[in-house]
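The values are calculated or read from the model by the stated rules, or taken from the named source; none is laboratory data. Computed from a predicted model, the values in this text were never measured in an experiment. Note that each Cβ is placed from the backbone with ideal geometry, even for glycine, and that neighbours are counted across all protein chains shown. Accessible surface areas use protein heavy atoms only, side chains included; no ligands, DNA or RNA. Shrake-Rupley method; radii C 1.70, N 1.55, O 1.52, S 1.80 Å.
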Amino acid sequence: MIDTPTSRHEIEKPADDSTWHKPNLKGDWCNLYLLTMLYTMQGIPFGLSVGLPIIFQSKNIVTYDDQGSISYVLWPYAIRLLWAPIVDSFYVRWIGRRKSWFIPLQYLIGALLLYLANNTDEWLPESGKPNLKMIVCLLFVINLLNTTQDIAVDSWALTMLKKNNVSYASTCNCIGIAIGMFIGSVCPILLSSEQFCNRYLRLTPGPGGIISIKSLIFLWGVVFLLITTLVTIFKKEKDTGLEDVKINIFQNYKLIWSLLELSSMRVFLIAVLTSTIGYSTMDTVANLKLIDAGVSRDDIMLMTTAMSVLRIFLPLPLAKYTGGPKPLSLYMKCTPIRLLWSVPYVLLIYYTPFLIKNNGVVNVPIYYYFILGFIFTINELLADIMIITHLSFFIKISDPRFGGTYLTLLNTARSLSWVIPNTVILKMVDVLTFNKCSNDDYGSCSTTNFQNICTKQGHNCMTILDGYYIEAAICMTIGFVWYAIFKSHYKILQSKNNSHFIVDLKRPISVYL
């Protein structure tokens, strides 16, 4: 049975954690490195899922509607709460509460990556339309397994590190995911690019990249299997002081409902669910629009590479701010700045064709790279700071007795806040874009039939208003409304002690194998 905080019974309630203890990593460095490596493994499939749309857009072989369909591969991150209680409730005790899930999941992901590598040449040919159906289905399954692994690792992080160091779990998460995303998205695009390799990596120009996407995916599959084996053999899981608190699967699902009954939790979840709408157009469509405007995918990935290095080291100096008692203050300071930063992004995308093209020929001047790099860096820097502060607060209020379910509830809200707008915005770009035929001011190119009629007459469809600009304006307006509503709520929430985010738990019947 799970009671609300107003219940008369207060059995097994954890001690109040409102007193902040200064972190001390002595004796915890190995666990810190291991946790970072586990999050790095999570980031690789996610990075691959994010990188493929860039590859498709650069080849001009998919529509924005197709891109919306490709975004479904990330939906497992938004629905993982559905099975989080199962991960928290069932395990093989002699293997370990988290390792019972981590080991088979990692082996399965490794095997599926090997299967994807074996079919890459057929599903992702050099020319022609890719087999989107098979790619989306397989990546969806891989991400499904990856999100389940994420539940186990998030829960493990709460007990792997010492109590006073647990705030560093958000640092490990951000650093590891950044490294994994770099490996999964940037590496396959740049290392398989003939242009990039000839310009930066080869002394003598040659055909193709230095390594194919197929070979990289195969390598990742092997590494997954190897690292999983090493963790299985050498890392023993400890749950000191928590093994006497076990709840069965039905009580774990009821726990979610009990958490949702907490007024502080409801307010916070609503805020998180709507927190990214304001800059979702900038995050989702901006890079694709730059590619449409003539910027090469290699240049986009070079910017991403620079940011990946920054993401790896950024959490370290931020740790003293995010590891403190009030991490959300930094989040709210960054919010209006990042919302306003969508204006330079819109202007950059609008003027890019005029800056880099001369008589239809792309010739990118040096100053354009500085402008692009500056705008891109500030946006990514603000985004990373905001992610780290949210994760730090998640960990601060989470109950380690059922950390997998608790953290998954919070992370699911954060994922939903990004995944849903991502899909909707991609699907709506073409719908909100207004075109006309070049020979008729009143002609329409809104449908495929009208476009065919226009081109058969020897004319082109011209864009009157790009849907991207409409979406950017709508999202920024929503973002400022969100800021006005939740600014005071965030200040109040981070001032409350952890008892406002914890449910009281009666000792239940344990369920394990």
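Computed quantities for the displayed model
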quantity	calculated
Cβ-derived FRET efficiency at R0 30 Å, I474 paired with R266, nearest 0.05	0.70
Mean residue ellipticity (222 nm) of the chain, computed from DSSP H runs ≥ 4 via -39,500 (n - 2.57), nearest 500	-21000 deg cm²/dmol
Shape of segment 118-263, Cα gyration tensor, a/c cut at 1.5	prolate
Listed pairs K326/K491; K289/K333; K163/K236; K163/K491 exceeding 20 Å between Cα atoms	K289/K333; K163/K491
Computed E for Y107/K163 - FRET, C-beta separation, R0 45 angstrom, nearest 0.05	0.90
Segment 52-203, accessible surface, carbon-and-sulfur percent (1.4 angstrom probe)	64 percent
Net dipole in debye of segment 95-158 [+1 Lys, Arg Cβ; -1 Asp, Glu Cβ; about Cα centre; nearest 20]	300 debye
Percent carbon-and-sulfur accessible area, segment 272-349, ignoring ligands, DNA and RNA, probe 1.4 Å	74 percent
Chain lengthening between S69 and Y33 when straightened (0.36 nm per residue, less Cα-Cα)	9.3 nm
Distance in nm between pseudo-label sites at I79 and I61 (7 Å out along the Cβ direction from Cα)	2.8 nm
Unit charges at the beta carbon, dipole of segment 247-382: most positive-side option, Y367, A271, T377	A271
Check: the chain dipole with +1 on Lys, Arg Cβ and -1 on Asp, Glu Cβ, in debye	1220 debye
Which labelled figure in [x] 29.3; [y] 25.9; [z] 35.6 is mean projected area of the Cα convex hull in nm², once derived from the coordinates	[y]
Virtual spin-label span in nm between K129 and K456, 7 Å along Cα→Cβ	2.0 nm
For segment 120-258, size of Cβ-based charge dipole, Lys and Arg +1, Asp and Glu -1, in debye	200 debye
Distance-filtered residues of segment 334-349 - backbone nitrogen under 15 Å, label point 7 angstrom along Y483 Cα→Cβ	334-345
Among 286-299, 423-436, 195-208, the order from most to least packed when residues are scored by Cβ within 10 Å on average	286-299, 423-436, 195-208
Furthest towards positive pole of dipole, T477, I502, M181, structure part the chain, Cβ charges	I502
Per residue accessible area of the chain, 1.4 Å probe, in Å²	45 Å²
